[in-house]
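Visitor: Please see the structure below; I have some questions.
The values are calculated or read from the model by the stated rules, or taken from the named source; none is laboratory data. Everything numeric in this text was worked out from a predicted model, so none of it was measured. Here Cβ is always computed from backbone atoms with ideal geometry, including for glycine, and neighbour counts include all displayed protein chains. Ligands, DNA and RNA are stripped out before the accessible areas are found, and what is left, the full protein with its side chains, is counted by its heavy atoms. Shrake-Rupley method; radii C 1.70, N 1.55, O 1.52, S 1.80 Å.
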Amino acid sequence: MCGIVGYLGTKPAYPILLKGLKRLEYRGYDSSGVAIINNDELEMFKCKGKVVNLEGIVDEKAMTGTIGIGHTRWATHGVPNDVNAHPHMSENSELAIIHNGIIENYGPLKTELIKRGYTFQSDTDTEVLIKLIEEIQKKGKFDLFEAIRFALKEVVGAYAMVVINKKNPDQLIAAKMGSPLVVGIGKDNEFFFASDATPIIEYTKNVVYLEDGEIAIVDRQNGLKIRTIHNKTVKPFIQELEMNLETLELGGYPHFMLKEIYEQPRSVKDSMRGRIQVNTGTVSLGGMRDYLDQMVNAKRIIIVACGTSWHSALLGEYLIEDLARIPVEVEYASEFRYRNPVINEGDVVIAISQSGETADTLAAIKLAKSKGALIYGICNVIGSTIARESHTGSYTHAGPEIGVASTKAFTAQLTALMLMALVLGKEKGTIEAPTFQRLLVGMDALPDKIEKVLKTNDVVYSIAEKFKDVNNMLYLGRGVNFPVALEGALKLKEISYIHAEGYPAAEMKHGPIALIDENMPVIIIATKDASYEKVVSNMQEVKARGGVIIAIVTEGDTQVKSIADHVIEIPITESILVPFLSVIPLQLLSYHIAVMRDCNVDQPRNLAKSVTVE
Ligand code: G6P
């Protein structure tokens with residue numbers, strides 16, 4: 001994880017770096033720092049905690065230098081403190097580096113450098129890297145580019161890094177392997193580096209996504225040059241960003257999470273835009289077009305993902321198996337890649353990732369690709385690594401998601417999966433025409449229905465007030481609402497730090513029921529579908545043990561109302577589409593509880609939005 005930024009241009013670097021770091025803080029917020037060449041001095045400021053702490057130690061007015069680098073950290077090697085914060089300097093204090101990734105062989109490299117007289121202030125792998133570069137430069141009398149190139153050949157691991165050199169205030173050098181890095185190209189040799197495009201968008205829309213093994217040199221005189229680690233020249237491929245600045249601002253909401261929950265009517269619509277036509281009864285996904293035969297004839301589909309995206313994957317299994325009758329297996333990417341999975345040529349592997357950068361998901365698709373599988377990426381971030389590593393795929397078009405807890409990305413992923421299931425089902429002839437049409441109508445109506453669910457906010461708020469101090473919560477659901485129960489529980493634990501478990505409602509009898517008493521509220525998704533009566537029985541079992549029930553029910557339900565202590569109503573929709581609606585009150589509930597408990601909703605402790613370490 002970690003976020004990195006760099007700037008070289010004509011404006012003071014510090015405010016640009018600072019704003020960039022705030023945009024990248026979702027990637028980690030254990031510490032932050034900047035290094036700027038200011039009046040011929042390489043000045044470095046860094047401290048533990050959020051970027052706001054950094055502001056407290058930098059005198060902005062005195063910082064007029066027009067070249068600098070900045071970093072916001074999610075700690076891997078070394079505890080989060082001032083010393084381990086990036087940037088890190090060379091022994092002679094002439095070079096400074098920022099780094100996102102892990103240098104796996106830093107131990108032996110460090111031992112060797114210590115033997116050669118180097119001293120280390122921090123416990124980080126990054127300090128080893130900059131001192132290795134320094135040593136190679138000194139020993140071989142190389143220029144900085146060559147020294148970096150040779151150093152990277154000795155390094156095993158992942159990195160996106162930028163180096164600043166006091167002796168050359170006209171140049172920054174960056175390199176990428178595994179971790180993401182974007183170069184922004186402004187006017188008149190103004191350049192930006194960042195882990196994603198969000199720090200760049202307000203200055204320029206022209207960007208280059210660096211590929212693994214590439215080293216980018218930006219220079220006031222010579223512009224941008226890209227060479228590989230093997231010293232081959234690469235012609236920069238300049239792309240235009242489609243991002244919109246407003247999506248990166250709070251726009252009047254107190255938190256990004258709340259804004260993103262409320263954006264769902266629009267984001268679900270955006271995910272469907274141009275892909276679904278109710279009047280002509282058509283559904284299409286551009287990414288499937290050239291691979292349709294292979295996908296329709298696949299013997300099985302494997303979906304790999306992590307976190308919330310894994311919950312979408314579970315729903316994908318229900319949707320694809322139900323509508324297209326293709327067997328689907330869902331795997332945590334981190335487990336899949338380490339257990340010697342059976343992958344056959346012709347298998348289809350779907351990778352779901354909001355960020356498109358999750359290291360385990362990326363490694364899983366690389367493995368599957370090497371064994372001949374077709375890789376279909378469902379990503380939100382355009383140009384992200386997983387999107388680029390996939391043979392084909394679909395963007396979810398939810399817009400930037402900044403709150404660490406995923407909300408609108410989840411419903412957008414469901415939209416993409418639902419469209420895929422519809423395309424496959426239609427092509428295979430496994431969906432009857434009237435059902436297909438009913439589902440299209442149902443999909444089309446979802447944005448308005450989500451809008452309606454958001455109107456339950458006051459009811460959800462008052463429920464949050466009652467339960468904000470509990471220590472545990474159980475979430476139950478069946479069928480498509482089981483993954484929703486898992487997602488509801490994840491939302492609560494990640495932002496309010498209340499222990500929560502999601503379970504299939506019927507499994508409650510096999511363990512969790514032992515925990516139920518008046519102090520363990522149980523949230524049950526009990527919408528009207530085939531398993532409704534069974535869920536009602538599960539509710540009776542909870543009640544019989546003195547449990548307190550919060551139920552998500554279908555509008556107009558009276559039976560559950562008579563049993564549950566609190567109910568939240570959602571509109572009627574097709575059973576298979578219920579998750580789009582039932583998840584919304586759970587997102588709101590965890591949001592309100594977290595705010596009431598004074599938790600940092602957008603940046604929960606120990607978490608990061610983009611998990612680029614394995
Ligand atoms: C982190 C985030 C989650 C996210 C998960 C997978 O844990 O905090 O919100 O669901 O990573 O991320 P991805 O970007 O691959 O969907």
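Visitor: Scanning for something within 16 Å of THR126 (Cα to Cα), in contact with a strand residue (DSSP E or B) (Cβ under 7 Å, 6 or more places away or on another chain), buried (at least 24 other Cβ atoms within 10 Å of the Cβ) and not β-branched (Val, Ile, Thr), does the stretch 56-68 turn up at least one residue?
Guide: No, the stretch 56-68 contains no residue that is within 16 Å of THR126 (Cα to Cα), in contact with a strand residue (DSSP E or B) (Cβ under 7 Å, 6 or more places away or on another chain), buried (at least 24 other Cβ atoms within 10 Å of the Cβ) and not β-branched (Val, Ile, Thr).
Visitor: Could you figure out which of (1) open to solvent by 50 Å² or more (accessible area, probe 1.4 Å); (2) touching a residue at least 60 places away in the same chain (Cβ under 8 Å); (3) assigned to a strand (DSSP E or B) isn't true of SER93?
Guide: The number of the failed condition is (3).
Visitor: Which count do you get for residues in the stretch 407-458 that are open to solvent by 10 Å² or more (accessible area, probe 1.4 Å) and hydroxyl-bearing (Ser, Thr, Tyr)?
Guide: 3
Visitor: Any idea how many residues of the stretch 423-481 are assigned to a helix (DSSP H, G or I), within 23 Å of ARG325 (Cα to Cα) and not small (Gly, Ala, Ser)?
Guide: 15
Visitor: Could you grab the pairs with beta carbons closer than 7 Å, sequence gap of 6+ or different chains, first residue in the stretch 556-573 and free of Cβ contacts under 8 Å to residues at least 24 places away in the same chain, second one in a helix (DSSP H, G or I) and buried (at least 17 other Cβ atoms within 10 Å of the Cβ)?
Guide: GLN559/VAL536; VAL567/VAL560
Visitor: So, one more: Among the candidates ILE572, ILE593, single out the residue that is assigned by TED's automatic domain parsing to the domain that holds PRO512, away from the ligand (no atom under 16 Å from the Cβ) and surrounded by 21 or more Cβ atoms within 10 Å (Cβ to Cβ).
Guide: Exactly one of ILE572, ILE593 is assigned by TED's automatic domain parsing to the domain that holds PRO512, away from the ligand (no atom under 16 Å from the Cβ) and surrounded by 21 or more Cβ atoms within 10 Å (Cβ to Cβ), namely ILE593.
Visitor: Which residues, counting only those in the stretch 391-406, are among the hydroxyl-bearing types (Ser, Thr, Tyr) and surrounded by 24 or more Cβ atoms within 10 Å (Cβ to Cβ)?
Guide: Answer for the stretch 391-406, where residues must be among the hydroxyl-bearing types (Ser, Thr, Tyr) and surrounded by 24 or more Cβ atoms within 10 Å (Cβ to Cβ): SER394, THR396, SER406.
Visitor: Does GLU246 satisfy the criteria of being outside any loop (DSSP other than H, G, I, E, B), more than 18 Å from VAL423 (Cβ to Cβ) and free of Cβ contacts under 8 Å to residues at least 24 places away in the same chain?
Guide: Against the criterion (outside any loop (DSSP other than H, G, I, E, B), more than 18 Å from VAL423 (Cβ to Cβ) and free of Cβ contacts under 8 Å to residues at least 24 places away in the same chain), GLU246 qualifies.
Visitor: In this structure, does ASP293 turn out to be of a type outside the set (S, T, N, Q), more than 28 Å from the chain's Cα centre (by Cα) and either part of a helix (DSSP H, G or I) or under 30 Å from ALA594 (Cβ atoms) (or both)?
Guide: Spelling it out, ASP293 is indeed of a type outside the set (S, T, N, Q), more than 28 Å from the chain's Cα centre (by Cα) and either part of a helix (DSSP H, G or I) or under 30 Å from ALA594 (Cβ atoms) (or both).
Visitor: If ASN519 meets every condition in (1) modelled with pLDDT under 90; (2) closer than 18 Å to LEU492 by Cα; (3) within 33 Å of the chain's Cα centre (by Cα) apart from one, which number is that one?
Guide: For ASN519, the exception is condition (3).
Visitor: Could you check how many residues of the stretch 547-560 are open to solvent by 40 Å² or more (accessible area, probe 1.4 Å) and farther than 13 Å from ILE525 by Cα?
Guide: Residues that pass the stated criteria total 3.
Visitor: What number of residues within the stretch 331-356 satisfy the criterion of being under 20 Å from LEU417 (Cβ atoms) and open to solvent by less than 30 Å² (accessible area, probe 1.4 Å)?
Guide: The total comes to 13.
Visitor: So which residues in the stretch 150-179 are surrounded by fewer than 21 Cβ atoms within 10 Å (Cβ to Cβ) and charged (D, E, K, R), if there are any at all?
Guide: LYS153, GLU154, LYS166, LYS167, ASP170
Visitor: Next question. Count, please, the residues in the stretch 402-453 that happen to be among the aromatic types (Phe, Trp, Tyr) and closer than 30 Å to PRO199 by Cβ.
Guide: Here the count works out to 1.
Visitor: Another question about this same structure. Residues to consider are LEU414, LEU439; find the one that is within 16 Å of the ligand (Cβ to nearest atom), of a type outside the set (Lys, Arg) and closer than 13 Å to THR573 by Cβ.
Guide: Just a single option satisfies the conditions, and that option is LEU414.
Visitor: Right, here's the next one. Which condition number in (1) in contact with a strand residue (DSSP E or B) (Cβ under 7 Å, 6 or more places away or on another chain); (2) polar (S, T, N, Q); (3) touching a residue at least 12 places away in the same chain (Cβ under 8 Å) is the one that THR233 fails?
Guide: Just one mismatch for THR233, condition (3).
Visitor: Working only within the stretch 487-497, note down all residues that are open to solvent by 10 Å² or more (accessible area, probe 1.4 Å) and closer than 15 Å to PRO521 by Cα.
Guide: The one that is open to solvent by 10 Å² or more (accessible area, probe 1.4 Å) and closer than 15 Å to PRO521 by Cα: LYS493.
Visitor: Just for the stretch 253-290: of the residues that are more than 26 Å from the chain's Cα centre (by Cα) and among the hydroxyl-bearing types (Ser, Thr, Tyr), which one is most open to solvent (accessible area, probe 1.4 Å)?
Guide: Looking at the filtered set, the residue picked out is THR280.
Visitor: Do any residues in the stretch 305-334 that are assigned by TED's automatic domain parsing to the domain that holds GLU427 and under 17 Å from MET295 (Cα atoms) have Cβ atoms under 6 Å from those of residues that are acidic (Asp, Glu) and away from the ligand (no atom under 16 Å from the Cβ), where the two are at least six apart or on different chains, and which pairs are they?
Guide: VAL328/GLU317; VAL328/GLU321; VAL330/GLU317
Visitor: When you check LEU42 against the structure, is it buried (at least 17 other Cβ atoms within 10 Å of the Cβ), in contact with a strand residue (DSSP E or B) (Cβ under 8 Å, 6 or more places away or on another chain), of a type in the set (A, V, I, L, M) and under 20 Å from ILE200 (Cα atoms), yes or no?
Guide: no
Visitor: Can you find a residue in the stretch 500-512 that is touching a Gly at 6+ places or on another chain (Cβ under 8 Å), assigned to a helix (DSSP H, G or I) and either surrounded by 15 or more Cβ atoms within 10 Å (Cβ to Cβ) or not aliphatic (A, V, I, L, M) (or both)?
Guide: yes
Visitor: Anything in the stretch 297-333 that is near the ligand (Cβ under 10 Å from one of its atoms), within 19 Å of PRO504 (Cα to Cα) and outside any helix (DSSP H, G or I)? List them, or say none.
Guide: Residues satisfying the conditions do not exist here.
Visitor: Give the residue that is surrounded by the most Cβ atoms within 10 Å (Cβ to Cβ), with candidates limited to residues of the stretch 196-222 that are among the hydrophobic types (A, V, I, L, M, F, W, C) and over 23 Å from the mean Cα position of the chain (by Cα).
Guide: Among them, the one singled out is VAL218.
Visitor: Name the residue, out of ILE382, ILE378, ILE402, ILE386, that is closer than 21 Å to ALA298 by Cα, under 25 Å from the mean Cα position of the chain (by Cα) and within 16 Å of the ligand (Cβ to nearest atom).
Guide: It is ILE378.
Visitor: Give the stretch 139-168 a look and list any residue that's within 14 Å of ASP219 (Cα to Cα) and touching a helix residue (DSSP H, G or I) at 6+ places or on another chain (Cβ under 6 Å), or say none.
Guide: Across the stretch 139-168, the qualifying residue is only ASN165.
Visitor: Across the stretch 355-375, which residue is farthest from the chain's Cα centre (by Cα) among those that are charged (D, E, K, R) and more than 11 Å from the ligand (Cβ to nearest atom)?
Guide: Looking at residues that are charged (D, E, K, R) and more than 11 Å from the ligand (Cβ to nearest atom), I get LYS371.
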